[in-house]
Amino acid sequence: MLLALSLLLGCAPTPLDADAPASGPTEPELRLTSPGLGAYLPVGTTPVTAIARQMVDVALDGAPVTPADGQVLGHRDLVVGLNTFLLTGTDPEGLAQRDMLAVLAGTFTAPEGLVAEAIRVHLSAEGLAATGPLVADLLDPAELNAELAANNPVYDDPTTRIELGELTFAEPLIEIVPAAGYLTLRVELPDFVLPIDATLKDALPFGIDLEIGADIESQVTLDLRVWARPDDQGGVRTHVEVTEVSLDEFDLDTGLLELVDWMFIDDDDLADMIEDSLGSELGPMIDAMIAETTTGLGDPVEADLLDQTAVIAPWVAAIDIDPAGVGLTLAMAIDIEGAAPPGPGHVHLPPPDPSTGGEVHLTVSDDFMNRALFELWASGGLDGDKELDPATLFLFGGTGSGRMRTRSALPPVWLERDGEARLQLGEIAVEVDTPGGQYGEHLELVMSLDARAELVFDGVVAGVALSRGEVVMRLAGASVGNEALAAKLDQLQTAFGLAIGTMNEDLQAPLSDLLGEGVVLPALSFGRDPGHLGTTLDLTMAEVMAMLEATDPTPPPPPNDVVVPGTATVLDDDVELSTDGDEGWICRRDDVVTTGDGGTWYVSEDASLRIEGSGHVVWAEDDAEIVLVGPGNTVYADPGARIDDRDGSNAVILVDPLTLDTSAAPQPGCT
């Protein structure tokens, strides 16, 4: 959102100078004298004064006025945002004259600290229900088995020993329901199977133990409650409580295990122990899972915006849970290095009220947009300097080539007018170089812009689309008195307003530039907050998951079965290589040494590879030996491989199991 906005017409703080030279009292003159050029004013009525000496057909903002002794007195009701004043008239020679100035009105705030209630996220009850599979994917039977194994043996005396095996279950079913102040979670573990092994010592003749085992099937249900609140670091603190655990139809009356139930340990007692173990493990497991998901939520992050480094810091301000869903309120800080600009800051708007929408409902406040735009403007990130396209060059009377530079003396404003977002830029200084141009080789104007602004995210590109631009211009600097250019101002204004859409290509960036090649996301449609104070976005959980998956920086796990390509070279025993970029297959009991860089190696069991260079990728089977003397290498190894990282900086990634597929390997080879 901010990246595309920052590509708009260049704007940076600049001193405001009077453009028209002073003239004698008898000369024709048309000039606005108040309010002050580039002023920051409160909303409400403000006096307007102007000089209109020896002028006819005088109009202020399009309304005819009658000067008295060359003076124009009036008033204007200022609204929040950019207010542009236009004074027009005709001099004694019949030439149209104009003056224009812009001011900002509203309440202003310094660009410091957090923007309160900058972003609101609401997850509906339906959206919470759709997150169940995410939680289910994170439940690890291995951790539950570790808890159960800690209870072994569950019964042990001189005659009998009873142990629990490793449990298994089908894909968990998770039901998440919001309540007043907390979430309820029901976790069902279908097809729950728990192996039970009993040893009856000396039960058979000649002192032989009798081993009894069976798989006990059950259905497990756990009920939990989850509380969440902001911590004092801008993040989230949670508490999980297990309220009930039940094993349905858990019974040891299965074959010979009925003897165990009857003689040694009651199945009800065993069920209670298993329930306690599941409860004591699952509660902390889910708590840790939530903590891991929310870790760093309040940490500052850096983002590159138009070659400017922006530091963005979210802060969890409130978490509200009720039967309709979960509401998360974030305060936001954003800072971009740059000179402190003059003025009281950016236009401040109140935050939107909490609202709901789809499964995931996001609201970004206009106040935060103004803070972000202010930071870009103050840092010079919105300055413009570009070659003119042929159509624009023609408008300025140029031929061949030309260049336009733009900067704004007032910070940008983002707000709503008539149900749509608007982007306003005031007192934009425009300098145009047109060598050999019809109206001069160096032109200077001042422009105010108010355009409809829509956020665009079609899954391939993201940015801002401007349309219906309202543009007001006046001559400035060296161009004051340029009658030929003055006669073109109405045409230039109209052309800039109509052509505002041609800027959209510059305001939109391919997602591949932001997220990498091949990233395609769902198309999104933005709306406006019902209170007219923010931009909204409604998503389904499926869309959220698709976006998270597409933008997940975590690389996919390495394969367990690695194909040895036919291009690999079968290496003999005791070979030493010094070349770069080798691709080798090292067979059983063969030893190879490489001092080169950037090789790819497939090492079979009992084979050995010593690497003294860097940049190598190694696939090592069980019982392979890899010695890493050089730095910066990556080894994918079966847990049974022997890896000696003598440098200490190499990446060793265990793949359990890792096998080499030699169906395409060169022959004869290790087969």
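The values are calculated or read from the model by the stated rules, or taken from the named source; none is laboratory data. Note that the coordinates shown come from a computational prediction; the quantities given were computed from them, not determined experimentally. All Cβ positions, glycine included, derive from the backbone under ideal geometry; neighbour counts span all protein chains shown. Surface accessibility is based on the protein's heavy atoms, side chains included, excluding ligands, DNA and RNA. Shrake-Rupley method; radii C 1.70, N 1.55, O 1.52, S 1.80 Å.
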Packing-based order for 384-393, 630-639, using average beta carbon neighbours within 10 Å, highest first: 630-639, 384-393
Computed FRET value (nearest 0.05) for T159 with H532, which takes r as the C-beta separation and R₀ as 51 Å: 0.05
In Å², nearest 10: area of H348 left accessible to a 1.4 Å probe: 80
Reciprocal mean inverse distance between Cα atoms of the range 405-484 - Kirkwood radius, Å: 14.5
For peptides 591-600, 648-657, sequence by mean Cβ density within 10 Å, most packed first: 591-600, 648-657
Unit charges at the beta carbon, dipole of the range 71-124: most positive-side option, G113, Q71, S124: S124
GluC sites (Glu not before Pro) restricted to DSSP loop in the range 18-120 with at most 15 other C-beta within 10 Å: E93, E112
Charge dipole of the range 526-670 about the Cα centre (unit charges at C-beta), most positive-ward option of W619, L654, A542: A542
Cβ-based charge dipole, the range 516-655, positive-most Cα from A637, P556, V520: V520
Exposure rank, largest accessible area first [D590, D137, D335, D644; 1.4 Å]: D137, D335, D644, D590
Segment D353-T184, extension gain: residue separation times 0.36 nm, minus the distance between their alpha carbons: 58.2 nm
Rounded to the nearest 20 debye, dipole of the range 392-457 from Cβ charges on Lys, Arg, Asp, Glu: 120
Order by protection proxy (mean Cβ within 10 Å, highest first), peptides 426-433, 180-187: 426-433, 180-187
